[in-house]
Structures are given as structure tokens and as C-alpha cells.
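Data block below; observations after.
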Amino acid sequence: MKKLTYIQGAFVLTITNLVTGILAFTYRIYLSRALGAEGMGVFQLVLPLYTLLITLVSGGITTAVSKLIAEQYASRHFRNVYKTVRICTFMIGGWSFLLCTAIAFKAEFISVYILKDIRTMYSIIVFTPAVFFIALSAILRGYFFGIQNVKPPAVIDIFEKIVRLAALVLTTYYLLPYGIGYICAGAMLAMTAGEILSFVLLLFTFKRKKLPIASGTSRKTDATKSIMGKILINAIPLSISGALTTIMDMICAVIVPSQLRASGYTNSSALALYGELTGMAIPLLFFPFIIVISLAITLVPAVTQSYTSRNWVALKKKCNDSLMITSLISLGATAFFLVFPTEACRIFFNRPQAGRLLFWMALGCAFEYWQFTLFAILSGIGLQRKVLENSILNIIIVLICTYTLVPLPKVGIYGYIIGFNLSAIAVTIFNIRALRKVPQISINWLQTAVRPFICFTGLILVFKYSNSILLGIGITKLNLIITSVVGFTAYGLLTVITDTLSLKQLKNNITIK
């Protein structure tokens, strides 16, 4: 079977993420209906803690393992591949087991004194095994991504979401008479069951797929201490970066509403405005980001293999191709959100007034997407420290702008948006500066930025012109759909006309044999 390229792998992951996203959305709808408003409030108390624990035990692990595996795989040192997996399992498994055990034993204290609701106690106890198995699964996913075989984790992820949804229905049905606390625990039990199943299937596939590459060289493996050091050097900066981002989101959830109240908003209007921002504008802005995330996952090991094998031509091509794809995706999304912010928020959330927030956030969309792809490239060539430094810079800018600008009556919520856009621009610039210090990599600005921007300009004009024609002849209900089809068709043609993306490239990268 022909091995998938990293772009084909990203394409497979994108399809998978779309499917799992739909399943997760269905899961969310059923959960909200089963729990009700108060129950969802209790569930939302537990969820940030669950997310933070996952970040602490597995944040950056998949990326770090995929990078280390890719290095050994590139040099055909297969014994080292499996030794790396074993040591990483021992280290991360031990750390996550200790942390989860401590959290489970302190569940009552956390629920009463931190989350301020005793009904969350059983949920905390139930989700701790899920966190442990997520950490182990992250290692195995990193192994598959490292050898650029994305199909097993992709298929397993879909199956796991289906099982989770079925388990949620069953647990909710049987626990409904016992109250909100037990229903929330049942929801967490469904998540735990899904994660355990995911790990078992990944482990089975790992064992089953082990033979084809186990016949490699028998040269001496690296010392255990050396491998442990590499794991820590690669994983810790990425884990801290992920944890800081999660903590920043939690801090912003407290600061933004309080600063809005300081600028003159009532408590209810402040919460409503913050809900429009985080529950509507930001999810829409980052929906196309699924493609960039998928690309980044496969890009890290691909860049690592080229860098380790000193294939500078392939390295430069992968970096420029990934940035070009990121530009096309982000600028296409930017054009749509700049022209149709109100319509998008009305159709998806029945909240057209959120469109004004989406419009201004869209100005930083391209930089936000670019910084993530640049993070993936920097991680692939071993500059995780720069990733951490620039992630901290991102957090500092957002928090400063939020704290100083949001209380101003004439600025309000736009203070956060200013920080969001400024941080994206600043981090992108600092990422590019870090990349310029690597002599083997040079960015082709004509391919990655200039030509995509020309296509973006054309897309804006097509959107506006075609929409005005449709509105002029009285088509008001289907105008967004028709304009989107016409616009993005023209966008695709423009990428070919400007030689941004050739038909041959499309055929070679998308066709999977």
C-alpha cells in the first residue's frame, strides 16, 4: 500500500475531525437536554478541571512522541522506536496515575472548597480513570503519527465517539431518577468508557502493526537516561504551553465579565456579551481551524524526518507548502467572516448581533492560523523552547489588553478582541524571526503570502458582487449558500490561475491509493 504523505494524512484527519465534531455536537445536545440548565451548570464546573488535568498529563505528549519516533524512524532505528514508547509509557503512565489517584482521593475537598458544589464529587471520582487512559492513548497516537500512519487513530477516534454517545444515552436513562449529581457522573462515566476502549483498540493495533517494521537494524539502542531526557525536553515546554493556555481561558472567563461590569454593563448583559464572544464568534472563527490542526499533527513528524535525515530540499518544501495551505484556508475564512459576519451568526446561533464581534476578530484570523502552523514547524526542528516563550507572550498580551482596555466604556469587549489580534500578529512575527535563524529553511513569500492574498482579494470581490446581484433580484433566503458556492468556486479557480496551487499538486496530495 502506498504510504500517505503528510498532506494526505492531514486530509484524513480533517475528515475524521469533522465526523467526530458532529458526534461531539450531538453528544452535547443530548447532554444539555438530559441535564437541563442547572445540570449543565454543574457539568461545566467539572469540565475545566477535567480539561486542565488532561493538559497536565498529556498536553504536548502526542507531539513530543511523534517527533522522537519520527527521528528514529527516519534513521531506520526501529528498536529505539519501541524503547522510546516503553519508556514514555512508564514515565507518563506513572505520573498520570499518581496525579489521578491524588485527585480521586481529594474529590470531596475539591468539590466543596474549589468548585463549591458537592454534586460534582462523583463526577471527579469517575473521570480520573479517563485522564489516565487519555495519557496512555496520547503516547500511542504519537507513535502512529511519528511513523506517518494516521489511519488507525483516526478510525478509532470515530468509533470511540460512537461508543461514548451510546454509553451516555444508557447512563442518563438509568441515572435520571437519582438527580443531577449522578447524571453528571454518568456523563463522565460515558467519557471514561470511551477513553478506555480507545486505548485498548490503539494498543491492539500497535501490537498488530508492530511486525512489519520490527525487522530493522539491531544496532545498540540509546541509553534509557538519554531517551528520558529527550522526552522531557520535548514534552515539558509543550505541556506547559498547553496548560498556560487552558489556565488563561479560565482566567479570562472570570476577568472579562468582571471588567465589563466595571465599564458599566450589568451582570446579565456582561455574561451575555461574553457568551456571544466565546460561545458564538470564537467557535465560528475557529471552525476551519480543524484543517490547520490536522495539518500541524502530521507536519511535526514530517518536518522532523526531513530535518533528521538532512533532506533540506524536502524540509523547505514541506514548510512552504504547509504555510501556503494555511494561508489559503485562513484567508478564505477571513473573507467569509468579513463579508457575512451577521448572516453567519444569525444562521448558526440566531444571534445576528454577535456578527460585529466576529467581524473584528476575523481581522486576526490569518495570523492566528499562521502561528499554529509555525509552532508545528518549530516543534519539528526541535525549537520547543521558542514555542513556549512565544505562547507566554501570547498570554501576556491578551491578559494585559483584557485587564486595561475592557473596563474603558468606549472600548468594552473590543479590548479583548484587540488583545486577541495583537497577540496573533506579535507571536507570528516572533515565530518567523525564530525560523529565520534556521539556515536550511527560507519562506517563499510569493507562494505563501502574496499569491494567496491576491486570491483573497478576488474572493472578497466575488462575494460582494454576487451577493448584491442576488439581493437585487429578490433572493434573500438562499443568497448566503449560493454566494458561498460561487465565491469558493472562484477562489479555487484563482488559486490555479495565480499558480498558488496547481492541479497536479491537488491530484498528488488529495488522491489516496
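Here, each number is a calculation from the coordinates, and none is a lab measurement. These figures come from a predicted structure and were not determined experimentally. Counting neighbours? That spans all protein chains shown, and the Cβs are built from the backbone with ideal geometry, glycine included.
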How large is ³J(HN,Hα) for each residue in segment 259-270, as worked out from phi by the Karplus curve 6.51 cos²θ - 1.76 cosθ + 1.60 (θ = phi - 60°), to whole Hz, x for Gly and Pro? 6, 5, 5, 5, 8, x, 6, 6, 4, 5, 5, 5
May I ask which residue of 204, 291, 57 lies farthest towards the positive end of the charge dipole of the chain, with charges of +1 (Lys, Arg) and -1 (Asp, Glu) on Cβ and the Cα centre as origin? 204
Of 274, 381, 411, which is farthest on the positive side of the dipole of segment 245-442, counting Cα position, with +1 on Lys and Arg Cβ, -1 on Asp and Glu Cβ, and the Cα centre as origin? 381
Which of the aspartates and glutamates could be linked to residue 151 by a straight reach, that is with a Cα gap under 19 Å, when you skip same-chain ones fewer than 8 residues away? 160, 195
What's the magnitude of the charge dipole for segment 245-442 around its Cα centre, counting Lys and Arg as +1 and Asp and Glu as -1 at the beta-carbon? Answer in Debye, nearest 20. 520 debye
P(r) for segment 444-510: what percent of alpha-carbon pairs falls in each 5 Å bin, starting at zero? 3, 18, 22, 19, 15, 11, 8, 4, 1
Modelled label-to-label distance, residue 385 and residue 433, 7 Å Cα→beta-carbon offset: nm? 1.6 nm
Overall Cα dimensions of segment 245-442, principal axis frame, Å, largest first: 60, 32, 22
Mean Cβ-within-10 Å packing, highest first, puts peptides 257-266, 370-379 in the order 370-379, 257-266
So if each residue of separation counts as 0.36 nm, and I subtract the Cα-Cα distance between residue 363 and residue 203, what length gain in nm does that give? 53.3 nm
How big is segment 370-485 by the Kirkwood estimate over distinct Cα pairs, in Å? 17.4 Å
How big is D for the chain, in µm² s⁻¹ as a whole number, if Stokes-Einstein is applied with the Kirkwood radius of its Cα pairs at 4 °C and 1.567 mPa s? 53 µm²/s
Could you sort 424-430, 306-312 so that the peptide with the highest average Cβ count within 10 Å comes first and the rest follow in order? 424-430, 306-312
Provide the per-residue ³J(HN,Hα) series for segment 296-302, in order, calculated from phi with Karplus coefficients 6.51, -1.76, 1.60 and θ = phi - 60°, each as a whole number of Hz, with x at glycine and proline positions. 5, 4, 7, 6, 4, x, 5
Excluding same-chain residues fewer than 8 positions from residue 316, which aspartates and glutamates have a Cα within less than 19 Å of its Cα? 71, 499
Rounded to whole Hz, the Karplus (6.51, -1.76, 1.60) HN-Hα couplings of segment 402-417, x for glycine and proline: 5, 6, 9, 9, 4, x, 6, x, 7, 10, x, 4, 5, x, 5, 5
Toy charge model, Lys and Arg Cβ at +1, Asp and Glu Cβ at -1: the chain dipole around Cα centroid in debye, rounded to 20, equals 1800 debye
At a 10 Å Cβ-Cβ cut-off, how would you order 369, 403, fewest neighbours first? 403, 369
List, in the order given, every pair from 207/230; 207/318; 67/230; 67/318 whose Cα-Cα distance in the structure shown is over 19 Å. 207/230; 207/318
Simple spin-label model, 7 Å along Cα-to-Cβ: residue 282 to residue 174 in nm? 3.6 nm
250, 121, 324 arranged by Cβ crowding within 10 Å, fewest neighbours leading: 250, 121, 324
With a point put 7 Å past each Cα toward its Cβ, work out how far residue 471 is from residue 262 in nm, to one decimal. 3.9 nm
